[in-house]
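Undergrad: Below is the structure I would like to discuss, written out as structure tokens.
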Amino acid sequence: MPTRTTLTGSFAAAALAAAMAFTLPAMAQEGGYGQPDGAQGQPMPPAAQPEPQLQAEDLDDEQLEAFAAAFVEVDKIRAQYEPELERSEDPQQAMEIQRQANEEMIQAIENEGLDPQTYNAIAMAAGPDEQLRNRLLDMIEEKQQN
């Protein structure tokens, strides 16, 4: 089924993009990149924040539905900002575009009742779990059609 193949690729790419997208705001809040730390101009290494380890049995239908709804919105935001980010030649402008997109993604996730860490943990749990991944893909397809 071509739609499933496209969505699977989209799902993997967006899940990875989402995981990467939330790194920047988390580091900024904790004194990460670009924050003064006594070593002017030296970026600090990313803070190691372990994601909650979730298994399919830890997740209820409400969380999966919230993830699917948030995923659809995050994917729309990513699609909206990606061309602008690719056109940007100024690193400062690119960072601002990414910051704005990250804020909107976080808001979209929180609007569905999840926090970014739980959203990312669900995406990570779906990676190796084909049954969970297929269940989420079905939910995402349904939400995209509505």
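The values are calculated or read from the model by the stated rules, or taken from the named source; none is laboratory data. On a predicted model such as this, the values are computed, not experimentally measured, just so you know. Ideal geometry is used to build each Cβ from the backbone, glycine not excepted, and the neighbour counts take in all protein chains shown.
Undergrad: Count, please, the residues in the range 118-134 that happen to be farther than 18 Å from residue 77 by Cα, of a type outside the set (D, E, K, R) and assigned to a helix (DSSP H, G or I). It would help to see each step written out before you state the result.
TA: Step one: list which residues in the range 118-134 are farther than 18 Å from residue 77 by Cα, which gives 118, 121-122, 124-134.
Adding the requirement that they be of a type outside the set (D, E, K, R) leaves 118, 121-122, 124-128, 131-132, 134.
Subsequent filtering for residues that are assigned to a helix (DSSP H, G or I) retains 118, 121-122, 124-126, 131-132, 134.
Qualifying residue count for the region: 9.
Undergrad: Residue 99: touching a residue at least 60 places away in the same chain (Cβ under 8 Å), surrounded by 15 or more Cβ atoms within 10 Å (Cβ to Cβ) and either among the basic types (Lys, Arg) or more than 23 Å from residue 65 (Cα to Cα) (or both), yes or no?
TA: On the way: touching a residue at least 60 places away in the same chain (Cβ under 8 Å): yes; surrounded by 15 or more Cβ atoms within 10 Å (Cβ to Cβ): no; either among the basic types (Lys, Arg) or more than 23 Å from residue 65 (Cα to Cα) (or both): yes.
So residue 99 does not fit the description; no.
Undergrad: Would it be correct to say that residue 54 is in a helix (DSSP H, G or I) and either touching a residue at least 60 places away in the same chain (Cβ under 8 Å) or of a type in the set (Phe, Trp, Tyr) (or both)? Explain how you work it out, then say what you get.
TA: Details: in a helix (DSSP H, G or I): no; either touching a residue at least 60 places away in the same chain (Cβ under 8 Å) or of a type in the set (Phe, Trp, Tyr) (or both): yes.
Against the criterion (in a helix (DSSP H, G or I) and either touching a residue at least 60 places away in the same chain (Cβ under 8 Å) or of a type in the set (Phe, Trp, Tyr) (or both)), residue 54 does not qualify.
Undergrad: Same structure again: Limited to the range 82-94, what total is found for residues that are assigned to a helix (DSSP H, G or I) and either modelled with pLDDT of 95 or more or more than 17 Å from the chain's Cα centre (by Cα) (or both)? So that I can check it myself, show each step before the final result.
TA: We begin by selecting, within the range 82-94, every residue assigned to a helix (DSSP H, G or I); these are 82-87, 91-94.
Next, from what is left, pick out any that are either modelled with pLDDT of 95 or more or more than 17 Å from the chain's Cα centre (by Cα) (or both): 83-84, 86-87, 91-94.
Matching residues across the range 82-94 total 8.
Undergrad: Quick one: residue 119 ticks every box in (1) within 13 Å of the chain's Cα centre (by Cα); (2) surrounded by fewer than 15 Cβ atoms within 10 Å (Cβ to Cβ); (3) not charged (D, E, K, R) except a single one, so which number is it?
TA: Only one criterion in (1) within 13 Å of the chain's Cα centre (by Cα); (2) surrounded by fewer than 15 Cβ atoms within 10 Å (Cβ to Cβ); (3) not charged (D, E, K, R) is unmet by residue 119, namely (2).
Undergrad: Inspect the range 63-71 for any residue being in contact with a Lys or Arg (Cβ under 6 Å, 6 or more places away or on another chain) and within 22 Å of residue 135 (Cβ to Cβ) and give the result as yes or no.
TA: In the first step, residues of the range 63-71 are kept if they are in contact with a Lys or Arg (Cβ under 6 Å, 6 or more places away or on another chain); the result is 68-69.
Cutting the leftovers down to within 22 Å of residue 135 (Cβ to Cβ) gives us 68-69.
Yes: one or more hits.
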